[in-house]
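> Let me give you the structure first, and then I'll get to my questions.
The values are calculated or read from the model by the stated rules, or taken from the named source; none is laboratory data. As the structure is a prediction and not an experimental result, all values here were calculated from the model. Methodologically, a virtual Cβ is constructed for each residue, glycine included, from the backbone with ideal geometry; neighbour enumeration extends over all protein chains shown.
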Amino acid sequence: MKALRSALPKEDWQARSVLIVQNIKTLEKFHAAKVIHAFISDENRQEVNLIPLLEWIVSNQKKLLVPVIEGRELISVELTSFEHLTRQAFGVLEPRERAPSPFEREIDLVLVPLLAADKHGNRLGYGKGYYDRFFKRLSPNTFKLGVAFEFQVLDEVPTTKSDVRLDAVMTEKGLIAFSLTK
């Protein structure tokens, strides 16, 4: 999946990302959300470019929380301005301020990065389990929306007992919602 994503020409990557952002902005769950947790996309890995969406969230007075890794845990840090970001190791943008947000339990929507997802809501991440542990701390009502290119949605991905399923995935072609009953 990393190789497929990296093989996307920059113009194609950007065009697909624009469509995904537009699709997210049509979701009722997005508009209803007061507190949104979203990843800051890594252009080097050609993750879906969410920067325009994150800027929209901040400018529309929604609370934006972004992930920071502390030891084995993913913590939520409030981002109020893109001027508060700095490039960390490997060129990844992170907030300068790293204080955990008191609004973590109020998160309505999480925009989740992934390498692949399957048609049952299972997510293949980067292998450290940060998001699975993070999801378990959130309200059961928090909507977990994977963000991916269409080719990243497969029939099946490997899972473990500790994996937490997504509620849906947004691609450039639209929303793929999952029934979370087993």
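> Just to be sure, is Gln61 at pLDDT below 95, on the phi > 0 side of the Ramachandran plot, surrounded by fewer than 18 Cβ atoms within 10 Å (Cβ to Cβ) and not β-branched (Val, Ile, Thr)?
Criteria met by Gln61.
> Please pick out the residue among Pro102, Pro113, Pro95 that is over 24 Å from Leu27 (Cβ atoms) and surrounded by 18 or more Cβ atoms within 10 Å (Cβ to Cβ). I'd like the intermediate steps shown before the answer.
Details: Pro102 fails: surrounded by 18 or more Cβ atoms within 10 Å (Cβ to Cβ); Pro113 fails: over 24 Å from Leu27 (Cβ atoms).
When all the criteria are applied, what remains is Pro95.
> Given the structure, is Gly146 more than 17 Å from Val35 (Cβ to Cβ), assigned to a strand (DSSP E or B) and without any contact (Cβ under 8 Å) to a residue 60 or more places away in the chain?
Values: more than 17 Å from Val35 (Cβ to Cβ): yes; assigned to a strand (DSSP E or B): yes; without any contact (Cβ under 8 Å) to a residue 60 or more places away in the chain: yes.
Against the criterion (more than 17 Å from Val35 (Cβ to Cβ), assigned to a strand (DSSP E or B) and without any contact (Cβ under 8 Å) to a residue 60 or more places away in the chain), Gly146 qualifies.
> Additional query: Please work out which residue is nearest to the chain's Cα centre (by Cα), limiting yourself to the stretch 106-124 and to residues that are hydrophobic (A, V, I, L, M, F, W, C) and assigned to a loop (DSSP other than H, G, I, E, B).
Leu114
> Go through the residues of the stretch 71-89 one by one and say whether even a single one is closer than 22 Å to Leu8 by Cβ, surrounded by 18 or more Cβ atoms within 10 Å (Cβ to Cβ) and touching a helix residue (DSSP H, G or I) at 6+ places or on another chain (Cβ under 9 Å).
no
> Let me ask something else about it. Can you tell me which residues in the stretch 140-154 are of a type outside the set (Val, Ile, Thr) and either modelled with pLDDT of 95 or more or touching a Phe, Trp or Tyr at 6+ places or on another chain (Cβ under 7 Å) (or both)?
Those that are of a type outside the set (Val, Ile, Thr) and either modelled with pLDDT of 95 or more or touching a Phe, Trp or Tyr at 6+ places or on another chain (Cβ under 7 Å) (or both): Phe143, Lys144, Leu145, Gly146, Ala148, Phe149, Glu150, Phe151, Gln152, Leu154.
> Could you please find all residues in the stretch 5-33 being surrounded by 13 or more Cβ atoms within 10 Å (Cβ to Cβ) and within 12 Å of Arg45 (Cβ to Cβ)?
Correct list: Arg5, Leu8, Trp13.
> Still on this structure, please answer the following. Show the residue pairs that are 6+ apart or on different chains and have beta-carbon atoms under 7 Å apart, the first residue being within the stretch 24-41 and farther than 19 Å from Ser101 by Cβ and among the β-branched types (Val, Ile, Thr), the second being crowded, with 19+ Cβ neighbours inside 10 Å and at pLDDT 95 or above.
Ile24/Phe30; Ile24/Leu53; Ile24/Met170
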